[in-house]
Amino acid sequence: GGAGHADAINGSSTTNGSNAAASTATKQRPRLLDDPSLQSHLSAIRAVKSGDDEKPSAPNNVATTKEEDEHQHVLILASNKHLVSFGHEIHRTHSDLCRLYHPKFPELEELLTDTFQYRAAIGILQNEMDVTVKNDELNDILTSNQIITISVAGSTTSGRPLTDEELEAVNATCAYLDELKTTQSELVSFVESRMERWAPSVCALVGPSLAAKLFASTGGLAELAKIPACNLQLLGKNKSTSASRGGMATQSRVQHAGYLAECELVLRTPNYLKMKAVKAVAGKLALAARTDHVNVESGRARTAAVGRKFHEELRAKFGKWEEPDKAQVVKALPKPDLTTKKRRGGRRIRRLKERFEETEMMKQANRRAFSAESGEYGDDAMGLTLGMLDTKEGGAMRNTVEKRKMRQANTKSSRKRAVQMSSGATNGLASSMVFTPVQGLELVNPDANRERVRQANAKWFSENAGFQSALPKK
């Protein structure tokens, strides 16, 4: 975007005057492009590229020698380190550009947080105070929402026109930023062209372009292999600002995701599955990077089989996620069992029914008199009434209720309790008077039962009892 508007910048980007102004703008800070090691590295890269162009492009080309492989590997590692330095240098140059253009339009750096969109907007606006004059040119690099916001901010800005020296420093910094972008693109294209050779599994999974970005942000394959999957999905994440949260983001942002949001597998998924897909791709990317790193370190053949396998697994998994849920199967009701089940009878069941049977009062309360209202209408409609208990017919219930004695359970504890309550126990609380159904009130000797027990023990279990038969005599 910024290169397309280079004509709008006053002066050439390669002149000595621009370089001097840029040095003044950055307060004599050393420029990365003037680094001798970077210049020698760029010369080596261009030499390798020119050598590749001179080679025949036959499909069955002879493989490069081992020395050339090692040389290209060293160049790739150095390119990754330089790309990390380029990221820092672009950030510093962007800060310098914001500082230089702040007197003219202080609100612009908050509205356009992307470095190269900010630089392109400056190349169009220059020293023009009426932003609406440049709306047609801004339409090529910005959205309509951004243009409207910038126009409103420009009409109320507190900025002032820049002097000739300040404007020259701004243009020189923009030219230096363009040079940084061009050189960075050259390094990235070189790394991309060699990515499939040195990290085939990573390239098969996410593509060579995205693999080059990951290598540039981490510093190489060894560094990428050490990063866990939870951090891989954050590499290249755009920083959230007040402008982006307010809808003024310069590029699409995915919450809690970085470069992997640009992966082909993630872009194919619907929006509600993107975060889930990014996590899945990050997990497989960590495994693929470690596989490539182990192959490089051990000297084994580098193949893309692992990356292709992971790619197919993820594509099948994402396809399963997008399938609609299966409809619920409507099952037929089971065949009704019309035969009466056999109920267990006997004394136990009869006693259980006696304990839990409905009382006569509840039967009367559950009955209703025919065509008779009782109580309020609301309670009557809801069934909150006393039923037949509230009528004359139900009033005679107490006279006709049959009082049935609850039968005692014939258990060991109940028998023991009955013995304790009878006259056989002489614990001081029992009485010697017993009520019998035949004789009525009867006085008994409490010690008679104990004497009978003592005589029986003396007969059968005394020392002189001997052997006796308990069978009845014939």
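The values are calculated or read from the model by the stated rules, or taken from the named source; none is laboratory data. Source: prediction; values computed, not measured. Here the Cβ positions follow ideal geometry from the backbone for every residue, glycine too, while neighbour counts run over all protein chains shown. Each accessible area value is taken on the protein alone, full model and side chains, heavy atoms only, with ligands, DNA and RNA left out. Shrake-Rupley method; radii C 1.70, N 1.55, O 1.52, S 1.80 Å.
Each label was represented as a point 7 Å from its Cα along the Cα-to-Cβ direction; for Glu322 and Tyr272 these points are 1.5 nm apart. In order along segment 348-363, the Karplus-derived 3J(HN,Hα) couplings, from 6.51 cos²θ - 1.76 cosθ + 1.60 at θ = phi - 60°, round to 5, 5, 5, 5, 5, 5, 5, 5, 10, 6, 6, 6, 5, 5, 5, 4 Hz, and Gly and Pro are given as x.
Taking Lys353, Lys317 and ordering them by how much accessible surface each has at a 1.4 Å probe, largest first, produces Lys353, Lys317. Computed over protein heavy atoms with a 1.4 Å probe, the accessible surface of segment 262-363 works out to 81 Å² per residue. Counting only protein heavy atoms and a 1.4 Å probe, tell me what percentage of segment 60-148's accessible area is made up of carbon and sulfur. Roughly 53 percent of what the probe reaches on segment 60-148 is carbon or sulfur.
In the complete set of protein chains, residue-level accessible area for Glu451 is approximately 70 Å², probe 1.4 angstrom. Hey, which of these cross-link pairs are over 21 Å Cα-Cα: Lys341/Lys412; Lys181/Lys276; Lys237/Lys309; Lys279/Lys309? Beyond 21 Å between Cα atoms: Lys341/Lys412; Lys181/Lys276; Lys237/Lys309.
Within the straight-line cut-off of under 17 Å between alpha carbons, none of the aspartates and glutamates are reachable from Lys416, sequence neighbours fewer than 8 places apart in one chain being disregarded. Given a 1.4 Å probe and the protein chains as shown, Asp114 ends up with an accessible area of around 40 Å². Shape of segment 103-164 from its Cα gyration tensor (a ≥ b ≥ c, root eigenvalues): rounded if a/c is under 1.5, otherwise prolate when a/b > b/c, or oblate? Rounded, because the longest to shortest axis ratio a/c is under 1.5.
Here the gap between Leu386 and Glu357, fully extended at 0.36 nm per residue and compared with their Cα-Cα distance, gives a gain of 8.5 nm. Full extension of the segment from Ser155 to Ala456, taken as 0.36 nm per residue of separation minus the current Cα-Cα distance, would add 96.0 nm.
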